[in-house]
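Asks: Sharing a structure, written as structure tokens. Questions coming.
The values are calculated or read from the model by the stated rules, or taken from the named source; none is laboratory data. Predicted, not measured: the structure shown is a model, and the values here were computed from it. Don't worry about glycine lacking a Cβ; one is built from the backbone with ideal geometry, like all the others, and counts go over all protein chains shown. In case anyone asks, the SASA skips ligands and DNA or RNA and just uses the protein heavy atoms, side chains included. Shrake-Rupley method; radii C 1.70, N 1.55, O 1.52, S 1.80 Å.
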Amino acid sequence: MFFLIADTHFLHNNIIKYCGRPYHYNELLEENMRKTLTRDDVLIHLGDICLGRDAYVHARYINPLPCKKILIRGNHDKQSSKWYLEHGWDVVFEKTMYLLTKYGNVILSHKPIWPIPKFYRYNIHGHLHNKKPRTWRCLLLKMANWFVGKRHILVSVEDLNYRPVALDNLIGQHWNKADQMIFTPKGTSLPFK
């Protein structure tokens, strides 16, 4: 099963203040990831693993995870792709990853993509955390989501109770009858209910 998470920011003490995280968020993330992920799973991390102490964070929090690991680099992931591959990641993407799901094409990225290309149903991303928009672009993105049917899905840990979320469950929560009518070719039936 594919699981998603973004913006773990391990060992970033100021994130407690910026985003209202519990003081023990590092341990909470570690515990929830170990409880959730198995060797048969794939974790896709949408960037911003930590802020400093990269080698320690990877040895403590990333390497022990039993699953396959895919990283889509965020603005705080400053090491080279080679470094990440040598420190526990199986695949590293610089900015985006594209998936075909039973719900349609999906773009995974750290920062939200605007506009979403018309052949993609959703952009699943991190970066915005749980705070109010700090820039006009973020504000416009949030406003646009209200009008176009929530095509952006935020997976920052603050919104996920500090645990990875299953990709199918996440998209399934955002899928509705109107989406099916708009994105299913006329005269075809969906292979799922």
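Asks: How are the Cα pair distances of the stretch 33-101 distributed, in percent, across 5 Å bins from 0?
Replies: 4, 17, 29, 28, 16, 6, 1, 0
Asks: Report the relative contact order of the stretch 45-84, percent, no decimals, based on alpha-carbon pairs under 8 angstrom and at least 6 residues apart.
Replies: After rounding, I find 65 percent.
Asks: How much of R60 can a 1.4 Å solvent probe reach, expressed as accessible area in Å² and rounded to 10?
Replies: Roughly 80 Å² of R60 is accessible to a 1.4 Å probe.
Asks: Okay, moving on. Just read off the accessible area of E27 with the full protein assembly in place, 1.4 Å probe, to the nearest 10 Å².
Replies: 90 Å²
Asks: Keeping all protein chains in place and using 1.4 angstrom, which order do L100, L51, L71 fall into by accessible surface area, from largest down?
Replies: In descending accessible area the options line up as L100, L51, L71.
Asks: Can you give me the relative contact order of the stretch 1-123 as a percent, contacts being Cα pairs under 8 Å and 6 or more apart?
Replies: Taking the mean separation of contacting Cα pairs over the length of the stretch 1-123, I get 22 percent.
Asks: Taking 7 Å along the Cα-to-C-beta vector as the label spot, tell me the D159-V42 distance in nanometres, rounded to one decimal.
Replies: 2.2 nm
Asks: Determine how large the accessible area of F3 is when every protein chain is in place; take a 1.4 Å probe and give Å² rounded to the nearest 10.
Replies: Counting only protein heavy atoms, F3 exposes about 20 Å² to solvent.
Asks: Then there is this: Can you put M33, M1 in order of accessible area, largest first, using a 1.4 Å probe?
Replies: M1, M33
Asks: If S156, S80 are ordered by their accessible area, calculated over protein heavy atoms with a 1.4 Å probe, which sequence runs from highest to lowest?
Replies: In descending accessible area the options line up as S80, S156.
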